[in-house]
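The values are calculated or read from the model by the stated rules, or taken from the named source; none is laboratory data. Quick caveat, the model's predicted, so the values are computed rather than measured. Using ideal geometry, Cβ is built from the backbone for each residue, glycine included, and neighbour counts are taken over all protein chains shown. Note: areas computed on protein heavy atoms with side chains; ligands, DNA, RNA excluded. Shrake-Rupley method; radii C 1.70, N 1.55, O 1.52, S 1.80 Å.
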Amino acid sequence: MIPRLELRNICKRYPGVVANDDISMSIQPGEIHAVLGENGAGKSTLMKIIYGAAQADSGEIYCDGNLIEAHNPAVSRALGIEMVYQHFALFESVSVVENIALCVRNASDLESLAARIGELSERYGMPIDPHRRVHDLSVGERQRVEIIRCLLQAPKLLILDEPTSVLTPQAVVKLFETLRQLAAEGCSILYISHKLDEVQELCDFATVLRNGKVTGTARPKETTSLELARMMVGSKLPEMHVSPPLPSEKPVLEVRGLSVTARSPFGTDLKDVSFNVHGGEIVGLAGVSGNGQAELVALLSGERTHDRNDAIRICGTAAARLGPDERRKLGVAFVPEERLGRGAVPPHTLWENAVLTAHRFGTVRNGLVDRQKAGAFAKSIIDKFKVKANGPQSTAQSLSGGNLQKFIVGREIALQPKLLLVAQPTWGVDVGASAFIRQTLVDMSRAGAAVLVVSEELDELFEICDRLLVICQGRVSAPLVRTATDREEVGLLMTGLNGNNAIASGSGEFALED
Ligand SMILES: Nc1ncnc2c1ncn2[C@@H]1O[C@H](COP(=O)(O)OP(=O)(O)OP(=O)(O)O)[C@@H](O)[C@H]1O
């Protein structure tokens, strides 16, 4: 059979790193093919090259047996190669059909395009109303819009870069049904994911990359996830050790009756939120994204302030009116969800990005940056967290997504905070590094820090948290002790279907024993 896509000896260098090193692989029509690898292994670079968004230094790409010569995304789309990026590119304030009209070839009038969208959404089991505005859609629905945009072009090869990182478990099931149906009709699918159980469930074949090279292939359905993980990391995976919590007598973070109106018209109002986080424990905040997490995190980090100063207390000090820097002086460190732009300044070097939050730790004196100290601080994070980067001089934007995440988490942990707020700590981080980050959070808490983890990954929360809170429609539940609850209870609270009114309404003494 002529492969749908064949790569021969693809090489791509960036300054100081060979991102793709002599990669050859092929994908058959109708095959669902996973590309696995650690952070920085070269997966995204390879996908960009296949799509024509980056050019290989050498090597050849064949589509249905024909060499692709001058390559760019327009050529790919004419050949039937479509890509759904991890971060969607939709205009919030216009409708689904208007968004799609902006990027499909031969878009006729809006009504007939809406009818085609309706047909496709029915055929592939992805219900979506073409006339709804994008800002009203959940993340899962937005992803459907992106996929339908691709499907309108009748793709022969669909590339998905970590498509499930933002989806609820139910949306993942639906996505997989659609992908299987597409594959059964002959569309090939290239699937990048760090979630090995999903790869096992969905993919027929996997190519494993390490340091830019193909280091193995596997049939995921016939391979255990441990074997796949070992192929990726090339060594044994670290084992997690979670000892019992050692809660401090007094809470480090106290939130009392916090209510706010969302600033953005698409945000969620917070309603009478109250909880505590003690030193020595990890508290997890579970919830489907868009239920008020962004508003709560902004209020806790100080990016947004609140008139009632004692609505938030940090180490006993009323802090709701304090800005981020003053809260950091109280011992807060913060890892935001968005790595580029909020966690790090993309064009700045790693040492400059380190100074941004570590300026009180000897890297700045008398208003002058001590470059040597800042460089040494950045290098210690790179070494400790095994960040794949060409030294402290590398720019943040040159790092792969997972490596930048490791750097930001490492930077905040290195500040030895009393309270660490961390949103999506292992988003896009590979299995080995995720285990390392989780273990570091556990160790930090056992050394006395209070840690609040906001995550959509229930498995992650169940692995490391001592207590769990669930946020739904801007209300936060009473705390659940992790060993006394289960995924089902938390899942019901996440969807607001709990029925027994377990959502707390601002009262209650949340000591560890509750
Ligand atoms: N524009 C760029 N400039 C410099 N280096 C780059 C650039 N893009 C990627 N790299 C480097 O190429 C290597 C491969 O990165 P790539 O993003 O392909 O990895 P990945 O396997 O997708 O990782 P992740 O799982 O973290 O997303 C990394 O070392 C990265 O730092």
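General remarks:
- For the chain, the orientation-averaged shadow of the C-alpha convex hull comes to 24.3 nm² (one quarter of the hull surface).
- Loop-located chymotrypsin sites (Phe, Trp or Tyr not before Pro) in segment 1-94 (DSSP state other than H, G, I, E, B) with a sparse environment of at most 16 neighbouring Cβ atoms within 10 Å: PHE88, PHE91.
- A 1.4 Å probe run over segment 106-185, with the rest of the protein chains in place, finds 43 Å² accessible per residue.
- Gyration tensor (alpha-carbon) shape descriptor, segment 337-416, a/c threshold 1.5: prolate
- GluC sites (Glu not before Pro) restricted to DSSP loop in segment 205-308 with at most 15 other C-beta within 10 Å: GLU239, GLU249, GLU303
- Note on GLU239 and ASP486: the extension gain reaches 86.7 nm, defined as 0.36 nm multiplied by sequence separation minus the Cα-Cα distance.
- Placing dummy labels 7 Å off each Cα toward the beta-carbon, the span from SER138 to PHE88 is 1.2 nm.
- The local environment of PHE275, defined by Cβ-Cβ distances under 10 Å, has a net charge of +1 under the rule Lys, Arg +1 and Asp, Glu -1.
- Other residues with beta-carbon under 15 Å from the beta-carbon of ASN66 carry, at +1 per Lys or Arg and -1 per Asp or Glu, a net charge of -1.
- Local electrostatic count at LEU399 - Lys and Arg +1, Asp and Glu -1, tallied over other residues with Cβ under 12 Å: +3
- Loop-located trypsin sites (Lys or Arg not before Pro) in segment 116-150 (DSSP state other than H, G, I, E, B) with a sparse environment of at most 14 neighbouring Cβ atoms within 10 Å: ARG132.
- Rounded, prolate or oblate (a/c below 1.5 giving rounded, otherwise prolate when a/b exceeds b/c) for segment 34-117 by Cα gyration tensor: oblate
- Accessible surface of segment 248-292, 1.4 Å probe, proportion on carbon and sulfur as whole %: 50
- Gyration tensor (alpha-carbon) shape descriptor, segment 74-178, a/c threshold 1.5: rounded
- The lysines within cross-link reach of LYS373, meaning a Cα-to-Cα straight distance under 21 Å and a gap of 8 or more places when in the same chain, are LYS329, LYS384, LYS386, LYS388, LYS406.
- Rounded percent of accessible protein surface that carbon and sulfur make up, segment 344-494, 1.4 Å probe: 53
- Segment 128-146 and segment 22-99 have Cα centres lying 23 Å from one another.
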